[in-house]
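Note sheet for the following structure.
The values are calculated or read from the model by the stated rules, or taken from the named source; none is laboratory data. No experiment lies behind these values; they were computed from the predicted model shown. Cβ atoms come from the backbone with ideal geometry, glycine included; neighbour counts cover every protein chain shown.
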Amino acid sequence: MPKITFLGAAGTVTGSKYLIEAEGKRLLVDCGLFEGSKELNQRNWEKLTVDPATIDWVLLTHAHIDHTGYLPRLVRNGFRGPIYSNPATHELCNLLLPDSAHLQEEEAQFRAKKKYSRYNPPLPLYTVAESQQALKQFHDIPRADAFTISPQFSVRPHDAGHILGSSWLELTVTENGKQTLIVFSGDVGRYNMPILKDPEPPTRADFLLCESTYGDRDHPPGSVADILADVINRTAKHGGAIVIPAFAVDRTQLLMYYVRELHDQQRIPNLPVYIDSPMAINVTTLYSNHHEDYRPEYLREMQGGIHDPLNFSSVHMTRTVEDSKKINDVVSPCVIISASGMATGGRILHHLARRLPDSRSSVLLVGYQAEGTRGRALEEGAQYIRIFGEEVPVRAQVVSIGELSAHAGRSELLRWLSGMQSAPKQAFLVHGEPNALTSFHDAVVSQFHWNVTIPAYLQPFDLS
Ligand SMILES: [Zn+2]
């Protein structure tokens, strides 16, 4: 019988990796990096419990690093098979994987300089060259049609509405003539957002894996535009800056959309908006080239040719380090959108170091902030944040806008699951922190009466 092993995103939100075995063949669904605490990061360095050379294929749900960022390491350690994804995910990975490698190399250099590493010289988890090698193994599959990987595995992707190219997967596993249908939720997006289509619901599955990032809570009700307008107007009145750590993929584009709307409706003053992330700028271009995930009304607006809904006149895209540093000299009110989204690295750190001590300024948190990150510390009301070895006082106002999350809230996850016409034999809850998992477990059991399991890290299950 087929078997599944949870090599990641079990009891935590990162490191998504699910090994499916049938008739001696091995398929890995997603290949994500662990991120967050030191213990989680350490898992990226541990030997995988399965020899990468014995894995035949990798199949991806979407491009986020916690679903793809382990690929270069897998390739470095012997994986030679094809990596299947749709074209948008492939193009996003062309940007994200070398960037991730670059961060790994920088961190190794930093450790060498600070002389704290058990390796001498300290090594990166993988190099830019290794990320390029992984990209050579990518093969495009259709966005929505069925695709046969082998006699054992075939897949049909569906829109997940989470980021550009994001899919949930119906995987049909055939062993000794018997078919088993496994649904992988990937990350489930939101309903009624302005740019991307709603997630399509699953209707049938023998086994179902569902993410649980927000399994314990709903995003607060309220209009994103109203909250954004309120924070921007209040901060501008005091003469401060609005600093927004934002994921380069999707969150930045959505923020640009909302800020442009507010600007066009003259609900906010004409402030300069700095998009200070070369990655976010590249991804924004990619968003402009891929229309297959867009809502029809958004596409019409875009094709109307009046303006690019992602772009407007007061936006300044800063690519170079020099231009980025110049933003430090801006003393009038402005909006600064920069990566990384959880303030774990990237140019946002310079902006936080400069603006956090300023009580006139605001920091807006717009995405999920994982345990152990500076973003989570800010969200939880930390008085000081450590940046570049210094304790930076938090005097700026910190505001969380959960409404801007790319992840379905608890009710939206339940809405997505309610598309199922009959109970799966077993539902596995993954990609959540412990509280979210147990709370969502109880919600699914009480609403659907399914057999629900929270798998442990590295736990195998027979799919019979
Ligand atoms: Zn994701």
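Could you look through the stretch 131-146, keep only residues that are of a type in the set (S, T, N, Q) and assigned to a helix (DSSP H, G or I), and pick out the one that is surrounded by the most Cβ atoms within 10 Å (Cβ to Cβ)? Give the derivation first.
Taking the stretch 131-146 and keeping what is of a type in the set (S, T, N, Q), we get 131-133, 137.
Keeping just the survivors that are assigned to a helix (DSSP H, G or I) gives 131-133.
Values: Ser131: 26, Gln132: 15, Gln133: 15.
Among those residues, the one meeting the criterion is Ser131.
Residues in the stretch 376-393 that are in contact (Cβ under 8 Å) with a residue 24 or more places away in the chain and farther than 14 Å from Ala343 by Cα: Glu390, Pro393. Scanning the stretch 68-86 for residues that are small (Gly, Ala, Ser), touching a helix residue (DSSP H, G or I) at 6+ places or on another chain (Cβ under 6 Å) and buried (at least 24 other Cβ atoms within 10 Å of the Cβ) returns a single hit, Gly69. Check the stretch 34-43 and report whether any residue there is among the acidic types (Asp, Glu), within 28 Å of Pro199 (Cα to Cα), within 16 Å of the ligand (Cβ to nearest atom) and modelled with pLDDT of 95 or more. No, every residue in the stretch 34-43 fails to be among the acidic types (Asp, Glu), within 28 Å of Pro199 (Cα to Cα), within 16 Å of the ligand (Cβ to nearest atom) and modelled with pLDDT of 95 or more.
Does at least one position in the stretch 147-155 carry a residue that is without any contact (Cβ under 8 Å) to a residue 24 or more places away in the chain, of a type outside the set (Val, Ile, Thr) and either within 16 Å of the ligand (Cβ to nearest atom) or out of contact with any helix residue (DSSP H, G or I) (no Cβ under 9 Å at 6 or more places or on another chain) (or both)? Within the stretch 147-155, one or more residues are without any contact (Cβ under 8 Å) to a residue 24 or more places away in the chain, of a type outside the set (Val, Ile, Thr) and either within 16 Å of the ligand (Cβ to nearest atom) or out of contact with any helix residue (DSSP H, G or I) (no Cβ under 9 Å at 6 or more places or on another chain) (or both).
Out of Asp293, Asp250, I need the residue that is on the phi > 0 side of the Ramachandran plot, buried (at least 24 other Cβ atoms within 10 Å of the Cβ) and charged (D, E, K, R). Which one?
Numbers: Asp293 fails: on the phi > 0 side of the Ramachandran plot.
After ruling out the rest, the residue left standing is Asp250.
Which one of these is within 27 Å of His62 (Cβ to Cβ), aliphatic (A, V, I, L, M) and over 18 Å from the mean Cα position of the chain (by Cα): Leu365, Leu352, Leu404, Leu378?
The match here is Leu378.
Applying the selection to the stretch 318-340, what residues are in contact with a helix residue (DSSP H, G or I) (Cβ under 8 Å, 6 or more places away or on another chain) and outside any helix (DSSP H, G or I)? Once the filter is applied, which keeps residues that are in contact with a helix residue (DSSP H, G or I) (Cβ under 8 Å, 6 or more places away or on another chain) and outside any helix (DSSP H, G or I), the stretch 318-340 yields Thr318, Arg319, Pro333, Cys334, Val335, Ile336, Ile337, Ser338, Ala339, Ser340.
Return a yes/no flag: does the stretch 95-113 have any residue that is in contact with a Cys (Cβ under 9 Å, 6 or more places away or on another chain) and either closer than 24 Å to Arg156 by Cα or assigned to a helix (DSSP H, G or I) (or both). Don't jump to the end; show me each part of the working.
Of all residues in the stretch 95-113, those in contact with a Cys (Cβ under 9 Å, 6 or more places away or on another chain) come to none.
No, the stretch 95-113 has no match at all.
Note on the stretch 180-234: among residues that are among the aliphatic types (A, V, I, L, M) and in a strand (DSSP E or B), the one that is nearest to the ligand (Cβ to nearest atom) is Leu196. Of the residues making up the stretch 156-179, those that are part of a loop (DSSP other than H, G, I, E, B) and within 13 Å of the ligand (Cβ to nearest atom) are Ala160, Gly161, His162, Ile163, Leu164, Gly165, Ser166. Evaluating Trp57 against the criteria (1) at pLDDT below 95; (2) under 19 Å from Val173 (Cα atoms) leaves one unmet condition, (1).
A single entry from Ala248, Ala280 fulfils the requirement of being assigned to a helix (DSSP H, G or I) and of a type in the set (Gly, Ala, Ser): Ala280.
Within the stretch 251-277, the set of residues being within 16 Å of Val315 (Cβ to Cβ), among the charged types (D, E, K, R) and part of a loop (DSSP other than H, G, I, E, B) is empty.
Yes/no per residue for (1) surrounded by fewer than 23 Cβ atoms within 10 Å (Cβ to Cβ); (2) basic (Lys, Arg); (3) under 23 Å from Ala88 (Cα atoms); (4) in contact with a Cys (Cβ under 9 Å, 6 or more places away or on another chain):
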position: Arg156; (1), (2), (3), (4): yes, yes, yes, no
position: Glu170; (1), (2), (3), (4): yes, no, yes, no
position: Thr174; (1), (2), (3), (4): yes, no, no, no
position: Pro199; (1), (2), (3), (4): no, no, yes, no
position: Asp216; (1), (2), (3), (4): yes, no, no, no
position: Gly222; (1), (2), (3), (4): yes, no, no, no
position: Leu228; (1), (2), (3), (4): no, no, no, no
position: Ile232; (1), (2), (3), (4): no, no, no, no
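Number of residues in the stretch 44-66 that are touching a residue at least 60 places away in the same chain (Cβ under 8 Å) and within 13 Å of the ligand (Cβ to nearest atom) equals 4.
Looking for whichever is of a type in the set (A, V, I, L, M, F, W, C), under 25 Å from His441 (Cβ atoms) and under 17 Å from the mean Cα position of the chain (by Cα) here; the options are Val188, Val183. Which one fits? Unique residue meeting the criteria: Val188.
Is it true that Arg360 is charged (D, E, K, R), in a loop (DSSP other than H, G, I, E, B) and surrounded by fewer than 18 Cβ atoms within 10 Å (Cβ to Cβ)?
On the way: charged (D, E, K, R): yes; in a loop (DSSP other than H, G, I, E, B): yes; surrounded by fewer than 18 Cβ atoms within 10 Å (Cβ to Cβ): yes.
Spelling it out, Arg360 is indeed charged (D, E, K, R), in a loop (DSSP other than H, G, I, E, B) and surrounded by fewer than 18 Cβ atoms within 10 Å (Cβ to Cβ).
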